[in-house]
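*Asks:* Sending over a structure as structure tokens; questions will come in a sec.
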Amino acid sequence: MDVRVTLGMESSNAEEPTLRHVEKDVLIPKLMREKARQRCSEKVRDFTHCCQESGFLMVLKCREENAALKECLTSHYKDPHFFEECKQEYLQEREEYRKTGIPAKNRREKIGTSM
């Protein structure tokens, strides 16, 4: 029996009650950070290169690269569509885990070794 039906939850908000606090406040934001770093990979690369070249003076010399990276990452973190995209991806991974009992990381490893 679907818990949402017995609790009388509205269908428009059907997905939200299925998220635990740790999923909404920890796991999905972690996925958002990973995906945002991928989407801002050029800025990450520029900042990393600057830091490696500057050594201890990176705080002073890499301000521009740091600001650009921060702006790129923050724009993703504040985007409600990006949150929804990551939430849906997380829910798909969680559903697959519940079906198979195999975490997503292990499923990818098994797929890679079986080929």
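Every read-out reported here was derived from the displayed coordinates using simple, explicitly stated rules and does not represent laboratory data. Here the structure is a predicted model, which means the values were calculated and not measured. Cβ placement follows ideal geometry from the backbone for every residue including glycine, while neighbour counts extend to all protein chains displayed.
*Asks:* Taking the Cα centre of the stretch 51-90 as origin, work out the dipole magnitude from +1 charges on Lys and Arg Cβ and -1 charges on Asp and Glu Cβ, in debye rounded to 20. Could the numbers behind the result be given before it?
*Replies:* Numbers: 5 positive and 8 negative charges, 46 e Å.
Dipole size: approximately 220 debye.
*Asks:* Next up: May I ask for log10 I(q)/I(0) of the stretch 19-111 at q = 0.18, 0.20, 0.23 Å⁻¹, from a Debye sum over the Cα atoms as equal point scatterers with solvent left out?
*Replies:* Listed by q, the Debye log ratios stand at -0.86, -0.94, -1.07.
*Asks:* Calculate how large, on average over all directions, the projected area of the Cα convex hull of the stretch 33-84 is; give the answer in nm² to one decimal. Walk me through the numbers on the way to the answer.
*Replies:* Values: hull surface 13.8 nm².
That works out to 3.5 nm².
*Asks:* Order the peptides 78-87, 97-106 from the highest to the lowest mean number of other Cβ atoms within 10 Å of their residues. Numbers along the way, then the final one.
*Replies:* On the way: 78-87: 13.9, 97-106: 11.0.
Packing order, densest peptide first, comes out as 78-87, 97-106.
*Asks:* What ranking do 53-61, 26-34 get when scored by the average of other Cβ atoms within 10 Å per residue, highest first? Mind showing how you got there, number by number?
*Replies:* On the way: 53-61: 11.0, 26-34: 15.2.
Descending packing order for the listed peptides: 26-34, 53-61.
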